Amino acid sequence: MPHTIKLRTAAFSKAVRLAGFRSDYALAQAMDVNRSTISRVVNGTLRPGGAFIAGALVALSPMQFDDLFEITHED
């Protein structure tokens, strides 16, 4: 079974609010990704890639990987 990375949606949303981002546009700029990418990852239609993960860790510092993401087994 391959491993995959999944966003911890509730933790991500809380971290975004606590960091003061009031729109997906502002968050997307801080993460250096498209607004639609944020929406698709949060909705679960897209897996977080390297750019999303790195952007989230930079924009939502001091959050760590394990705070925002989990490694799962894909069936």
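The label-point distance for residue 25 and residue 6, in a model that sets each label 7 Å from Cα toward Cβ, rounds to 3.3 nm. Taking every alpha-carbon pair under 8 Å whose residues sit at least 6 apart, the chain reaches a relative contact order of 54 percent. Computed with a 1.4 Å probe over protein heavy atoms only, the accessible surface of the chain comes to 65 Å² per residue.
How large a share of the accessible area of the chain, in percent, is made up of carbon and sulfur atoms when the probe is 1.4 Å and the other protein chains stay in place?
Details: 2520 of 4890 Å².
Using a 1.4 Å probe with all protein chains present, the chain comes out at 51 percent carbon and sulfur.
This model, with +1 at the C-beta of Lys and Arg and -1 at the C-beta of Asp and Glu, gives the chain a dipole about its Cα centre of some 300 debye.
The Cα-based radius of gyration of the stretch 15-60, divided by its Kirkwood radius, gives an Rg/Rh of 0.92.
On a 0 to 90° scale, report how tilted helix 9-18 is relative to the longest principal axis of the chain, with both axes built from alpha carbons and the result rounded to the nearest 10. The helix 9-18 is inclined about 20 degrees to the chain. A Förster distance of 30 Å, applied to the separation of the beta-carbon atoms of residue 45 and residue 66, puts the FRET efficiency at 0.80.
The long axis of helix 50-59 is offset from the longest Cα principal axis of the chain by roughly 40 degrees.
The values are calculated or read from the model by the stated rules, or taken from the named source; none is laboratory data. Predicted model only: the values in this text are computed from it and were never measured. Positions of Cβ are backbone-derived with ideal geometry, glycine not excepted, and every protein chain shown enters the neighbour counts. Just so you know, the surface numbers come from the protein's heavy atoms only, side chains and all, with ligands and any DNA or RNA stripped out. Shrake-Rupley method; radii C 1.70, N 1.55, O 1.52, S 1.80 Å.
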